[in-house]
Amino acid sequence: MSVDQTALLNAAADAAWHAYSPYSRFRVGAALLTGSGKVFTGCNVENASYGLTICAERVAVFNAISEGEKELLSIAICSDGAAYPCGACRQVLHEFSPGLVVILGDSAGNHSDQQNLKDLLPDPFGPGF
Ligand code: THU
């Protein structure tokens, strides 16, 4: 199965509707394409103890890894204003896929930008150390 960018962006925009974000009111959705051709999604899940909040990107990564996926190819991330992934998520993505392609979109799934994780996280700390 080949999943194109548009399908991945639409999956991320759909996932954002599951966001639990009563504190920030900011919905984020992520859709991760793996080497096996499957797509794993995630949304941000907040908590009354704010620091326990988890971002959409990390939910998607943990979903994929916990289902046995070994290779992460690309991730689409959708939110209002097509926000870029936070530093913590860049680090977690790097752990599993330094060569990941990161596709940004708005909350309707419209393409905004495409970046290589290498450029979003220069001089990374990783498993090699
Ligand atoms: N958020 C994400 O889901 N991904 C990011 O990369 C940045 C921030 C979420 C966390 C929180 O629920 C809300 O956006 C506001 O920070």
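What the table shows:
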read-out: Rounded accessible area of Cys78 (nearest 10 Å², 1.4 Å probe); value: 0 Å²
read-out: Region 1-43 - convex hull of the alpha-carbon atoms, volume per residue in Å³; value: 57 Å³
read-out: Charge dipole magnitude, Cβ of K and R +1, D and E -1 - region 18-129, Cα centre, debye nearest 20; value: 140 debye
read-out: Cα radius of gyration and Dmax for the chain (Å); value: 13.6, 40
read-out: Residue with peak Gaussian network fluctuation, the chain [Cα springs, cutoff 10 Å], from Asn110, Asn47, Asn63; value: Asn47
read-out: Carbon and sulfur %, accessible surface of the chain computed with the full protein complex present, 1.4 Å; value: 53 percent
read-out: Highest-fluctuation residue, Gly81, Gly99, Gly51 considered, GNM on the chain with Cα pairs under 10 Å; value: Gly51
read-out: Region 1-81: chymotrypsin sites (Phe, Trp or Tyr not before Pro) falling in loop per DSSP and having at most 10 other Cβ within 10 Å; value: Trp17
read-out: Per DSSP, loop GluC sites (Glu not before Pro) in region 52-129 with at most 13 further Cβ within 10 Å; value: Glu67, Glu71
read-out: Built amide H within the under 5 Å cut-off of Tyr84, gap 5+; value: none
read-out: Sparsely packed trypsin sites (Lys or Arg not before Pro) within region 53-111, loop by DSSP, other Cβ within 10 Å at most 16; value: Lys70
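The values are calculated or read from the model by the stated rules, or taken from the named source; none is laboratory data. In this text, all values refer to a predicted model and were calculated from it rather than measured experimentally. With ideal geometry, Cβ positions are generated from the backbone for all residues, glycine too; neighbour counts draw on all protein chains shown. To get the accessible areas, we keep the full protein, side chains included, count just its heavy atoms, and leave off ligands, DNA and RNA. Shrake-Rupley method; radii C 1.70, N 1.55, O 1.52, S 1.80 Å.
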